[in-house]
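Here the structure comes first, spelled out in structure tokens, and everything after it is commentary.
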Amino acid sequence: MLNVLETARWNLAERWRVVNLEKENELLRRHRPKFNRVNTYPPAYNFYRVSRDGATLQLARGTELIESEQTFGAFKSGARCFGPLLRSIWAVLNQPVSAHAFPSPLLERKAPACFAFPLRDSNGATLHQLLMNYLRGASDELICFLESRLPSGDHVSLFQTNLHRSDLDVLRDFFRIGPQRNFQLAQRLGLTSSIIRQDELDDLQVVAR
């Protein structure tokens, strides 16, 4: 990396700390250095969308912002969490006893960008509200709801048990660095919208430090 370095500047004054960090974000976005992938391409940050039509709950993710009360983000790690979230919800609703029972798209490395869940009982309304609160960053009760209802016991394979455990760990980490952090940013900075645009997220995190 030093071989390709042309110039270097630094400013140690505390009053320039935020300005310097904002400038760093700007330069990362502009030059996208190959040795640093963090904060270099905000257009890749994901938005999640939730919709419910009668007895069907639909969850989608994408990089295009469609503003509504059911859109959440932007999330830097949104793509990584989407598969575990879909799998956990599907498992709670369908109670599979084998990994072979899962729809194949939910077991692939890249999860589908949109998935619909038929809601067969009264838990559907609760699940919908908990999911909205989770993605808004207001509460992680969704994780407890899922964990208490995921298939378990001797009839469930060790592979599936470990899969559920790993997915829940991903959901916990994602909540902390995604929805909850956005929720706290909005509160701290007095933002009127729960949606943070992709090109604003990194700079707002700097300002809120």
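The table that follows gives values for the structure above.
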| item | result |
| --- | --- |
| Neighbourhood charge, 11 Å Cβ-Cβ cut-off, centred on F75 and excluding it, Lys, Arg +1 and Asp, Glu -1 | +4 |
| Approximate spin-label separation S104-R197, in nm, with each point projected 7 Å along Cα-to-Cβ | 4.2 nm |
| Table column - 3J(HN,Hα) (Hz), segment 104-117, Karplus curve with 6.51, -1.76, 1.60, x for Gly and Pro | 4, x, 7, 9, 6, 4, 9, 5, x, 6, 8, 8, 10, 10 |
| Cα-based radius of gyration of segment 42-185 once divided by 2.2 N^0.38 Å, which approximates compact folds | 1.00 |
| Karplus 3J(HN,Hα) series, Hz, for segment 47-61 with 6.51 cos²θ - 1.76 cosθ + 1.60 (x for Gly, Pro) | 10, 10, 10, 10, 9, 10, 10, x, 9, 10, 10, 10, 10, 9, 9 |
| Using θ = phi - 60° and Karplus 6.51 cos²θ - 1.76 cosθ + 1.60, couplings along segment 163-179 (whole Hz; Gly, Pro as x) | 5, 4, 5, 5, 5, 5, 4, 5, 5, 5, 5, 4, 4, 5, 9, x, x |
| Relative contact order (percent, whole number), segment 42-185, Cα cutoff 8 Å, 6+ residue spacing | 29 percent |
| Distant-in-sequence amide H partners of F117 (H built 1.01 Å from N, under 5 Å) | L57, Q58, L59 |
| For segment 72-129, the spread of Cα positions along each principal axis, largest first, Å | 33, 29, 14 |
| Positive minus negative residues near D167 (Lys, Arg vs Asp, Glu; Cβ under 15 Å) | +1 |
| Positive-end extreme of charge dipole, segment 115-168 - chosen from H164, L142, L131 (charges on Cβ) | L131 |
| Local net charge near N133, Cβ-Cβ under 9 Å (Lys/Arg +1, Asp/Glu -1) | -1 |
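Only the coordinates and a few stated rules stand behind these numbers; no lab work does. Source: prediction; values computed, not measured. Note that we place each Cβ from the backbone using ideal geometry, even for glycine, and neighbour counts take in every protein chain shown.
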